[in-house]
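Notes follow once the structure below has been shown.
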Amino acid sequence: MIKTNTMIKVDEPMIQTGSDKKGFTVIELLIVVAIMAVMAVFAIPQIMARLPEYRLKAAAGDLQANLQKARVKAVRDNSPVRVRFVSSVTPGYYYFDDDNDGVWDAGEFRVDLSNYGSGVDFGSGNATATWSSGTITQASLITFGTRATANSASVYLENETATICYAVTTSIAGTGKVRIYNGDTPFNTSNWKQ
């Protein structure tokens, strides 16, 4: 027979009562939830109003990053990389034309502007000229050479509000720059910001 020593303390109650309880009452929790709901009612419309601008900014940032990706790919593979911009459909798209046939083929890197939502597409918003008072010309092709050079071109993106726009520009040196037109009218070149 196995004997076990078991001690039971009788002087400590099993259930705690009184002021030793910790936590929140249901009423306190309901008050906090109600306050948060009221705050959300005021915050959500403002967030929704800014959402198209955030999505447009994300599309411009991704475009700049993808142009850099094309530049690096051209140097790494020792072969020119052509980035084509298709605006014949709404919303448009761009892709790396690996076989230089002018048509997107399965397996070629592609970005659909429809993925951003909020009407992000190619366009110049309220801008009627470039930052240097030049004509706005939407690039249809940017080619990166094996020495990280590119043709000088700009791609313009706008959203459903069609006021502000982003210009993503490549230089002959292959570097990129992003500018934003703030949407103010009448047009003024000083409304373009880097």
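The values are calculated or read from the model by the stated rules, or taken from the named source; none is laboratory data. Predicted model only: the values in this text are computed from it and were never measured. Here the Cβ positions follow ideal geometry from the backbone for every residue, glycine too, while neighbour counts run over all protein chains shown. We work out accessible area using only protein heavy atoms, side chains counted, and drop any ligands, DNA or RNA first. Shrake-Rupley method; radii C 1.70, N 1.55, O 1.52, S 1.80 Å.
Here are a few things to note about the model shown:
- Enumeration of residues in segment 160-176 that are in contact (Cβ under 8 Å) with a residue 24 or more places away in the chain and open to solvent by 30 Å² or more (accessible area, probe 1.4 Å): E160, T161, A162, T163, A173, G176
- Among the residues of segment 100-125, those identified as aliphatic (A, V, I, L, M) and part of a loop (DSSP other than H, G, I, E, B) are V103, A106, V120.
- Residue within segment 124-131 that is at pLDDT 95 or above and crowded, with 22+ Cβ neighbours inside 10 Å present: no
- Leading residue by the ranking (modelled with the lowest pLDDT) among those in segment 1-40 that are open to solvent by 100 Å² or more (accessible area, probe 1.4 Å) and part of a helix (DSSP H, G or I): S19
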